[in-house]
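To keep things clear, I will list the structure first and then write my remarks on it.
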Amino acid sequence: MEFNHYSVMLEETIENLNIKPDGIYVDGTLGGAGHSSEIAKRLTTGKLIGIDQDANAIEAATERLEPYKDRVEIVRSNYENMVNVVHSLGYDHVDGILLDLGVSSFQLDTASRGFSYRDEDAVLDMRMDQRNPKTAADIVNEYSEMELFHIIRDFGEDRFAKNIAKHIVKARAEKRIETAGQLNEIIRAAIPKKIQVTGGRPEKRTYQAIRIELNRELEVLRQNLTDMIDLLNEDGRICIITFHSLEDRIVKNNFRTNENPCTCPSDFPVCVCGKKSKGKVITRKPILPSDKELEENSRSKSAKLRVFERHIAE
Ligand SMILES: C[S@@+](CC[C@H](N)C(=O)[O-])C[C@H]1O[C@@H](n2cnc3c(N)ncnc32)[C@H](O)[C@@H]1O
């Protein structure tokens, strides 16, 4: 299977992972194994554990990592299960973790997966894990108007969320919404013509919102970051590449809190809350793609890389 994927900030990520040839590394979003093959290449006695929930990604990554199969374990799962996956393979802690969030170009470019508003005939699917029964069409056809409004506003940050939700509910009362073409037409009718001319594809934000909701993207990230930091050995690093401000904010705030979790009032002379730092933020400001990368890969445009290093308090 051809799995074309330009790995975002590849060099920057590998450099920041500080790979030791005998270390244990986890890639929680394996995709086509672009980043992972660079990690595996640098290992001798170490191990790479690659996790992805998408069957096609697992197939493509297995092929790509074939030359390194003596040092690679590939597991089809959600990275929310990372701690269990690592323990079940016999490791207590790891030396580095990578998350390159969001959809792969392969998922976006495969019409049958239903991630793109560009494929008018595609059915509204958007599942990263094809084993899940719920699809994007179920959200569009079954969520209440209020729920649709909230997800389009909060996960799509679309200022026309209210009107889009209203138009969806009205349209589906006549006929179930099954394809991207149908949904695109409804969204376009809900957005003022003037905005449509100047503001790029008006469907983009609603699609992002539905995808985030369906795959529980923010919830999985928020609920598992601290457990992933706890999984790191002393000096181990976690590198996270995000693609929109909602994800980036979660990572930034979590890293900051784990660096300085103390909740004592600022006028207390000594800490009494007892919460100990888990390490330090390596990237005060996120690392951004180089101009060269931005030119070569439009998907890098909104990417940000943040890095945290584990230090175990005495
Ligand atoms: C941007 S791609 C990764 C590309 C990869 N770094 C490369 O260079 O080829 C993101 C991948 O993460 C997977 N993914 C996203 N969220 C996930 C989650 N919660 N658990 C497991 N896999 C996830 C997607 O299925 C997709 O294959």
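Roughly speaking, to the nearest percent, how much of the chain's 1.4 Å accessible area is carbon and sulfur?
Answer for the chain: carbon and sulfur cover 49 percent of the accessible area.
Based on the inverse mean of 1/r over its pairs of different Cα atoms, what is the Kirkwood hydrodynamic radius of the range 1-54, in Å?
11.6 Å
Sort M146, M9 from largest to smallest accessible area, using a 1.4 Å probe on the heavy atoms of the protein chains.
Final ranking, largest accessible area leading: M146, M9.
What residue among F255, M9, A61 has its Cα farthest toward the positive end of the dipole of the chain, where the charges are +1 on Lys, Arg and -1 on Asp, Glu, each on the Cβ?
After comparing all options, I get F255.
If you project the alpha carbons of the range 147-266 onto the principal axes, what extent comes out on each, in Å, largest first?
57, 29, 26
Based on the Cβ-Cβ distance from D70 to Q223, what FRET efficiency comes out when R0 is 45 Å, to the nearest 0.05?
E between D70 and Q223, to the nearest 0.05, is 0.85.
Output ³J(HN,Hα) for the range 270-284: one whole-Hz value per residue in order, computed from phi by the Karplus curve 6.51 cos²θ - 1.76 cosθ + 1.60 with θ = phi - 60°, and x for Gly and Pro.
10, 6, 10, 6, x, 7, 9, 4, 9, x, 9, 7, 7, 9, 4
Amide H neighbours of E73 under 5 Å, at least 5 residues apart or on other chains, H built in the peptide plane: list them.
Placed amide hydrogens put L48, I49, G50 under 5 Å from E73.
Output wanted: per-residue J couplings in Hz (rounded whole) for the range 251-264, from phi through Karplus 6.51 cos²θ - 1.76 cosθ + 1.60, θ = phi - 60°, x for Gly and Pro.
Along the range 251-264, the couplings run 5, 4, 5, 5, 4, 4, 5, 6, 6, 9, x, 4, 10, 5 Hz.
Check which residues have an amide H placed less than 5 Å from E203's amide H, if you skip close sequence neighbours.
none
Tell me, what is the per residue accessible area of the range 169-227 in Å², probe radius 1.4 Å?
54 Å²
Say R0 is 51 Å: what FRET efficiency, to the nearest 0.05, do S88 and V272 get from their beta-carbon distance?
0.85
For the range 1-97, which chymotrypsin sites (Phe, Trp or Tyr not before Pro) are in a loop by DSSP, counting at most 13 other Cβ atoms within 10 Å?
Sites meeting the loop and neighbour criteria: none at all.
Taking H as built 1.01 Å from N, whose amide H comes closer than 5 Å to the amide H of A122, not counting residues under 5 places away?
For A122, the qualifying residues are A180, G181.
Ignoring solvent entirely, what values of log10 I(q)/I(0) come out of the Debye formula for the range 72-133 at 0.17, 0.25, 0.29 Å⁻¹ when each Cα is a single scatterer?
Per q value, in the given order, log10 I(q)/I(0) is -0.73, -1.08, -1.28.
Where q = 0.16, 0.17, 0.19, 0.26 Å⁻¹, what log10 of I(q)/I(0) comes from the Debye formula for the range 28-109, counting one point per Cα?
Cα-only, vacuum Debye calculation for the range 28-109: -0.55, -0.62, -0.78, -1.45.
Quick check: the angle from helix 217-230's long axis to the longest principal axis of the chain, C-alpha only, nearest 10 degrees?
0 degrees
What are the semi-axes of the equivalent ellipsoid for the range 88-218, taken as the square roots of 5 times the Cα gyration tensor eigenvalues, largest first, in whole Å?
29, 16, 15
Suppose the chain between T257 and E142 were pulled fully straight at 0.36 nm per residue; how much longer would it get relative to their current alpha carbon spacing?
37.7 nm
Give me the Å³ per residue figure for the convex hull around the C-alpha atoms of the chain.
Details: hull volume 49.5 nm³, N = 314.
So the per-residue hull volume is 158 Å³.
Under the Karplus relation 6.51 cos²θ - 1.76 cosθ + 1.60, θ = phi - 60°, what is the ordered set of whole-Hz ³J(HN,Hα) values for the range 112-121, x standing for Gly and Pro?
Karplus-based 3J(HN,Hα) across the range 112-121 equals 5, 7, x, 8, 10, 6, 6, 9, 4, 8 Hz.
Based on the Kirkwood radius over alpha-carbon pairs, what is the Stokes-Einstein translational diffusion coefficient of the range 145-217 at 20 °C with 1.002 mPa s viscosity, in µm²/s?
Here the translational diffusion coefficient equals 176 µm²/s.
Kindly work out what percent of the DSSP beta bridges joining two residues of the chain are antiparallel, to the nearest 5.
The answer is about 40 percent antiparallel.
The values are calculated or read from the model by the stated rules, or taken from the named source; none is laboratory data. Since the model is a prediction, treat every value here as computed from it, not as a measurement. Neighbour counts are summed over all protein chains in view; Cβ atoms, including those assigned to glycine, are modelled from backbone coordinates with ideal geometry. Side chains included, ligands, DNA and RNA excluded: accessible areas come from the protein's heavy atoms. Shrake-Rupley method; radii C 1.70, N 1.55, O 1.52, S 1.80 Å.
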